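In what follows, a single structure is set out as structure tokens and then discussed.
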Amino acid sequence: MSTTPAKQRIGLFGFGVVGQGLYDVLHRTPGLQAEVSRICVKDRFKDRPLPASSFTFHKEDILTDPHINVVVELIDDAEAAFDIVSTALRNGKSVVTANKRLVATRLQELLDIQRETGSSLLYEASTCGSIPIIRNLEEYYDNDMLSRVEGIVNGTTNYILTALHEPSSGGYASALAQAQKLGFAESDPTLDVEAFDAAFKTTIIAAHAFGVVVSPLQIVRRGITSVTPFDISIAQQQLRTIKLLSRVQLHGSGLSLLALPALTQNTSPLAGVRNEVNAVRLTAAFSDAQLLVGKGAGGGPTASAVLSDIAALRYGYRYEYKKLGQASPPVVNHDVEVAIYVRGTNDQITSIPFSIVEVDHRSSSGRYVIGHVQLDALHTSPAFLDPETFIAILPED
Ligand code: HSE
């Protein structure tokens, strides 16, 4: 491994919740020998807790500064972030980003640029905040044959769902507002509640766990906006808890990828994961099952993952993406059976081609069915596109 200069001089893009969190964390970690040289922000008129001389509004002030050797990208806009990250890599700087949309949607290009330039791009903070999932998949699970990686990867939806299961819940809108206030939600919370954010993270996990580069559009994705107190009460009657589940699973040579609501059994370790906490359960041939749990959103936890990447750059760390070079990578295949709960109108429920119906409940409060269906058939059914219908998978364990 190469050596890095004694001092890391950081050019920081973005000074929101995570950027400020990183600034604080760096000042409380003096042993790291890293300092923020310049911070590039967009809004000239915002009040900030640092002197104006710390800031610039021109990306070139960082990207072309030869003294800056590490660029940390923490902005919202994935297009602008790609420009910053790719230029920084080409200019010989190491880059750390927390931007899951950027990594998930531009992964192949980012891989190519890393290969061409030899510069390192690290993004531990992009997936599950403080949980060191990417580095574990890269290093610890380098040889053990993973069969499934699943978990709770979005803090905002977990925060909302946790609140909705409480008897004194103030309801969906108030839980979302609280998650926004606490700095967990994206600036456009649609990304959280419609599971786009979870799909981005699922894409990143798939690359590092199974060596496949997929588009987030290939993830079978559905959010939590249609969940009602009725759905919560049915889940509770079934001794289950509603979570937003991300899952990447091998089935022979096929790989299914989903980000969907799930009625997890109350005995599952995922059911007890509350608020903004995330959890990733890994199932592999030799290690069997492991669970990583930690805060998945918020300034401090996300900054801790960025800090860990900055520290790793000091000893020349880079992702090797060894699994991407395998001879026969798995192929995306959603022709697998899943058990689901669906609540909706007769028309919507009838549009789902169930192979088995276990429960078909009709009452004045609504109709719901618990049954089995092929995941790809569910994905293309009219019910799946209907915003009022609530669909959740029923995991076995
Ligand atoms: N909005 C994201 C979440 C932030 O709630 O998980 C962390 O990626």
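Read-outs throughout are calculated quantities, based only on the coordinates presented, and are distinct from any laboratory measurement. All values derive from a computational prediction rather than experimental measurement. Neighbour counts run over all protein chains shown; Cβ positions are idealised from the backbone, glycine included.
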- line: For residue 363 and residue 190, extending 7 Å from Cα along the Cα-Cβ vector and measuring point to point gives, in nm, a value of 3.5 nm
message: If neighbour count is taken as other Cβ atoms inside 10 Å, put 320, 276 in order from fewest to most.
response: 320, 276
field: Normalised per residue, the volume of the convex hull around the Cα set of the range 259-305 (Å³)
entry: 111 Å³
- request: Could you quote the convex hull projected area for the range 27-156, Cα atoms only and averaged over all directions, in nm²?
  value: 10.3 nm²
query: What FRET efficiency would be calculated for the residue pair residue 388, residue 233, taking the C-beta separation as r and a Förster radius of 22 Å, to the nearest 0.05?
result: 0.80
- prompt: Bin by bin, in steps of 10 Å, what percent of the Cα pairs in the chain do you find, going until the bin that has the longest distance?
  reply: 5, 23, 31, 23, 12, 5, 1
message: Please compute the modelled spin-label separation between residue 76 and residue 286, points set 7 Å along Cα→Cβ, answer in nm with one decimal.
response: 4.6 nm
- line: Across 5 Å bins beginning at 0, the whole-percent shares of Cα-Cα pair distances in the range 94-211 come to 2, 11, 19, 20, 17, 13, 9, 5, 3, 1, 0, 0
field: the range 175-216 - Rg (one decimal) and Dmax (whole number), Cα, Å
entry: 12.8, 37
For the chain, size of Cβ-based charge dipole, Lys and Arg +1, Asp and Glu -1, in debye: 780 debye
Span per principal axis, largest first, for the Cα atoms of the range 179-331 (Å): 50, 39, 30
field: Reachable lysines, given that their alpha-carbon falls under 27 Å from the alpha-carbon of residue 295 and they are not under 8 places away in the same chain
entry: 100, 181, 201, 243
query: Roughly how many Å is it from the Cα centre of the range 338-374 to that of the range 376-392, as a whole number?
result: 11 Å
task: Treat the range 66-130 as a sphere of radius equal to its Kirkwood radius over Cα pairs and apply Stokes-Einstein at 10 °C in a medium of 1.306 mPa s; give the translational diffusion coefficient in µm²/s, rounded to a whole number.
output: 137 µm²/s
query: Per-residue HN-Hα couplings for the range 385-397, Karplus 6.51 cos²θ - 1.76 cosθ + 1.60 at θ = phi - 60°, whole Hz, x for Gly and Pro?
result: 8, 7, x, 8, 6, 10, 10, 9, 7, 10, x, 6, 9
- prompt: Could you give the length gained on full extension between residue 54 and residue 35, defined as 0.36 nm per residue of separation minus the Cα-Cα distance, in nm?
  reply: 5.7 nm
message: Taking 8 Å as the Cα distance limit and 6 or more residues as the minimum spacing, I'd like the relative contact order of the range 273-362 as a percentage.
response: 14 percent
- line: Phi angles of the range 345-355, converted by Karplus (6.51 cos²θ - 1.76 cosθ + 1.60, θ = phi - 60°) into ³J(HN,Hα) in whole Hz with x for Gly and Pro, give 7, 4, 4, 5, 5, 5, 6, 8, x, 5, 8
message: Taking the Kirkwood radius as the inverse of the mean 1/r across Cα pairs, report the Rg/Rh of the range 286-352.
response: 1.17
task: Counting only C-alpha contacts under 8 Å and six or more residues apart, can you give the relative contact order of the chain as a whole percent?
output: 18 percent
message: Taking the 0 to 90 degree range and rounding to the nearest ten, how far is the long axis of helix 78-90 tilted relative to the main principal axis of the chain, both from C-alpha atoms?
response: 40 degrees
field: Likely footprinting exposure, 188, 24, fewest C-beta neighbours within 10 Å first
entry: 188, 24
message: Less than 13 Å from a label point 7 Å out along the Cα-to-Cβ axis of residue 144: which backbone N atoms in the range 272-294 qualify, by residue?
response: 281-292
- request: Give the whole-number value, in cubic angstrom per residue, of the convex hull volume spanned by the C-alpha atoms of the range 40-99.
  value: 90 Å³
Cross-link partners of residue 93 among lysines (Cα-Cα below 17 Å; sequence separation of 8 or more within a chain): 7, 59
Alpha-carbon centroids, the range 1-78 and the range 123-175: separation in whole Å: 27 Å
